[in-house]
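**Q** Take a look at the following structure, please.
The values are calculated or read from the model by the stated rules, or taken from the named source; none is laboratory data. This one's a predicted model, so the numbers in the text were calculated from it and none came from an experiment. For neighbour counting, all protein chains shown are included, and Cβ atoms are generated from backbone atoms with ideal geometry for every residue, glycine included.
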Amino acid sequence: MLTLAVATEIIDEALAEARRRSFAPLAVAVLDAGGHLIAYKREDGAGIVRFDIAFGKAWGSLGMGFGSRELSQRAGKNPTFITTLTSISGGRMVPSPGGVLILNADGQVLGAIGISGDIGDNDEIAALAGITKVGLVPAS
């Protein structure tokens, strides 16, 4: 189970990594395996739509069973399918890197993190740092 304390630690480390690397201000959402929000933080200066993007990256990862980087790559190959998925999910799927599944050591999905604010690659770097800091396994 992904607790509030662990989700908060993941977020705090993701934001710390972003500051070490001078990324743009980020918004970070951590969801449980059922797609429910556990914790969220938005840095000063992050845009108002960043929550929706971060949530969509995490939710889409959970919904498809793989990270939003893979979703982004698939979008390039089959944009009509991804557009359909985005539509039927009520806009909750965002095909851009920064959504990463959170696994335990046995490979069980505990939840997902979604980050928005910088380019997708940087969002993903911060997400990976947060997950690994708490001893869990990222699956992007």
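**Q** Does the stretch 1-36 hold any residues that are within 12 Å of ILE113 (Cβ to Cβ) and of a type in the set (Gly, Ala, Ser), and which are they?
**A** Of everything in the stretch 1-36, those that are within 12 Å of ILE113 (Cβ to Cβ) and of a type in the set (Gly, Ala, Ser) turn out to be ALA7, ALA14, ALA27, ALA29.
**Q** Give the residue that is modelled with the lowest pLDDT, with candidates limited to residues of the stretch 128-140 that are under 13 Å from ARG69 (Cα atoms) and outside any loop (DSSP other than H, G, I, E, B).
**A** ALA139
**Q** Under the condition of being more than 21 Å from VAL137 (Cβ to Cβ) and surrounded by 18 or more Cβ atoms within 10 Å (Cβ to Cβ), which residue from the stretch 87-113 is modelled with the lowest pLDDT?
**A** In this case the residue turns out to be ARG92.
**Q** Checking the condition more than 9 Å from the chain's Cα centre (by Cα) and assigned to a helix (DSSP H, G or I), which residue from ILE125, ILE48 passes?
**A** Of ILE125, ILE48, the one residue that is more than 9 Å from the chain's Cα centre (by Cα) and assigned to a helix (DSSP H, G or I) is ILE125.
**Q** Can you tell me how many residues within the stretch 75-113 are within 11 Å of the chain's Cα centre (by Cα), over 15 Å from GLY65 (Cβ atoms) and either in a helix (DSSP H, G or I) or not hydrophobic (A, V, I, L, M, F, W, C) (or both)?
**A** So the answer is 3.
**Q** Here is a follow-up. Scanning the stretch 54-106 for residues that are aliphatic (A, V, I, L, M) and out of contact with any helix residue (DSSP H, G or I) (no Cβ under 9 Å at 6 or more places or on another chain), which turns out farthest from ALA33 (Cα to Cα)?
**A** ILE88
**Q** Might you let me know whether the stretch 61-74 holds any residue that is touching a residue at least 24 places away in the same chain (Cβ under 8 Å), of a type outside the set (Val, Ile, Thr), assigned to a loop (DSSP other than H, G, I, E, B) and touching an Asp or Glu at 6+ places or on another chain (Cβ under 9 Å)?
**A** Yes, the stretch 61-74 contains a residue that is touching a residue at least 24 places away in the same chain (Cβ under 8 Å), of a type outside the set (Val, Ile, Thr), assigned to a loop (DSSP other than H, G, I, E, B) and touching an Asp or Glu at 6+ places or on another chain (Cβ under 9 Å).
**Q** While we're here: The conditions are (1) part of a loop (DSSP other than H, G, I, E, B); (2) more than 14 Å from the chain's Cα centre (by Cα); (3) modelled with pLDDT under 95, and ALA24 fails exactly one of them. Which is it?
**A** Condition not satisfied by ALA24: (3).
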